[in-house]
Structures are given as structure tokens and as C-alpha cells.
Amino acid sequence: MGRALALFIGLSSLGSAAEDAPPTIVATSPAPADEPHPWQVALYLDGYMLMGESGYLVPTVFADKGPIHLEARFNYEDFNTASAYFGWAFRWGDETNFVRLVPMFGGAVGNSFGIAPGVELEAQFWRFTYWFEGEYFFNFTDFTSSFFYTWSELQFRVVSWLNVGGSFQRMRLAQSERVLDLGPSIGVNVGGFALSFYFYGLWTPTRWGLLTLSLPFY
């Protein structure tokens, strides 16, 4: 997770890889038994930028209907590489406190070609929200570039429209040898539209930022 928003620039992942920012899926009440579950669709635009370098946009589309979870990504596993995922969601809890687990399986084509089993986890308790996503990409184009990616973040809702927190990830960022990274984040949410900023490499010579815009379409 608009294409005219040129200010969102990003670096992708795997051998030049950057994971897109983890989505925040809004919990919704289950539909009555006599009504079909509506599709919930959202576009995420992730912009990664190494300070002093150019970057790339990483778009991701999410679609959910009941337990069905679909994702389509571009520039995620590698530059000029498209990927698609199918998952099945399991959820426990109520609207305020819950855990949502989504095992997934997908594949990628383009500069890199391969398959990727993965998982996403979302948990919410009081004002805290935790998100984790991970995948192992088996790169058939170059097996030595196969890699395990993770992204996790913990957010605290200060007020209804403002979140602060931090994230941790294991990734391969283009033009950088760093694999593990940790950084602070801040985000605003107005009318279902969310804008978040993440900053990494604070204590290293290579600093980079991530700007994420989520656009829900129901």
C-alpha cells in the first residue's frame, strides 16, 4: 500500500530488497449469518529512501472477505518483480482486544522468480497494537539470494488520530549490507486514511526513511 504522489519514493527488497511497511488492518464486526461478508480492499503506497540517494515506490493491494486474505505487491521481493499471496485468517477476541493470525503462501515473477510461504500477525490490546509479518522467499532465479524477511512494529495510540512507536526488521536493503534494523515511527489516521513515517539507521552512517500511505476502498 495515488501513483501521482511522487513524494513517495522507495527501495525494494531482496538483493535490492526492502519490505513494505506493515499494514494496519481495521477490525470489523462479523457480518450476520444471513448476509455475505463484504470485500474490504486497501491500497498501501510505501516509499523508501536512502538519504542522499534516489528511491522507489512499493505499492501493495490488500483484499479481505471473511477469513480470505489476498495480497498483490510490486517491487517487494525484488525490483521490477510482482508477487501475489493467498492467506486464511484466524481471529480470537472482540473488537477492542484481539489476535488475528494469517498463514499465507505466494509466488513472485519478474527480476526474481520463486515462491514464498509467510505469516502475518496482528494483535491489539487497549491502546497498543502489534504487527508482525514474515516470509521466506525461495528465489529460483538465484538460490543464494533466498532470504527470510521479517517486519514487526509496536504502536501506542496517544489520541484517536495519533500513534507513536517503533519497528524492527530483518531485510536486505539496496546499496546497504545491513540486515537488521530498528527505528522509531509516528503516524496519523484521519477518516480511515493513514500516513506513517519510519526512520532507520539512526546510529549508523547509512540512514533511510520509509513513508507509508494507506488508502482504504470498501
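The values are calculated or read from the model by the stated rules, or taken from the named source; none is laboratory data. Quantities reported herein were computed from a predicted structural model and do not represent experimental measurements. Methodologically, a virtual Cβ is constructed for each residue, glycine included, from the backbone with ideal geometry; neighbour enumeration extends over all protein chains shown.
What pairs come out if I take residues in the range 161-181 that are of a type in the set (Phe, Trp, Tyr) and part of a strand (DSSP E or B) and pair them with residues that are surrounded by fewer than 16 Cβ atoms within 10 Å (Cβ to Cβ) and modelled with pLDDT under 85 whose C-beta lies under 7 Å away, six or more apart or interchain?
Note: no pairs meet the criteria.
Any idea which residue in the range 117-142 is surrounded by the fewest Cβ atoms within 10 Å (Cβ to Cβ), counting only those that are aromatic (Phe, Trp, Tyr) and in a strand (DSSP E or B)?
Residues of the range 117-142 aromatic (Phe, Trp, Tyr): 125-126, 128, 130-132, 136-138, 140.
The next check asks that each one be in a strand (DSSP E or B); those that pass are 125, 128, 130-132, 136-138.
On the way: Phe125: 12, Phe128: 14, Tyr130: 16, Trp131: 22, Phe132: 17, Tyr136: 14, Phe137: 28, Phe138: 16.
Restricting to residues being aromatic (Phe, Trp, Tyr) and in a strand (DSSP E or B), the top hit is Phe125.
Let me confirm something: among Gly110, Gly114, which residue is among the small types (Gly, Ala, Ser) and either in contact with a Gly (Cβ under 6 Å, 6 or more places away or on another chain) or surrounded by fewer than 17 Cβ atoms within 10 Å (Cβ to Cβ) (or both)?
Answer to the check: Gly110.
Identify, please: which residue in the range 80-107 is buried (at least 21 other Cβ atoms within 10 Å of the Cβ) and of a type outside the set (Gly, Ala, Ser) and is, among those, farthest from Phe137 (Cα to Cα)?
Going through the qualifying residues, I end up with Val102.
Please work out if Thr60 is β-branched (Val, Ile, Thr) and in a loop (DSSP other than H, G, I, E, B).
No: the conditions fail for Thr60.
Are there any pairs with C-beta distances below 7 angstrom linking a residue in the range 145-156 that is acidic (Asp, Glu) to a residue that is at pLDDT below 90 and buried (at least 17 other Cβ atoms within 10 Å of the Cβ), with the two at least 6 apart or on different chains, and if so which?
Glu153/Pro22
With the checklist (1) in contact with a Leu (Cβ under 9 Å, 6 or more places away or on another chain); (2) modelled with pLDDT under 95; (3) assigned to a strand (DSSP E or B) in hand, flag the one item Val99 doesn't pass.
Exception for Val99: condition (2).
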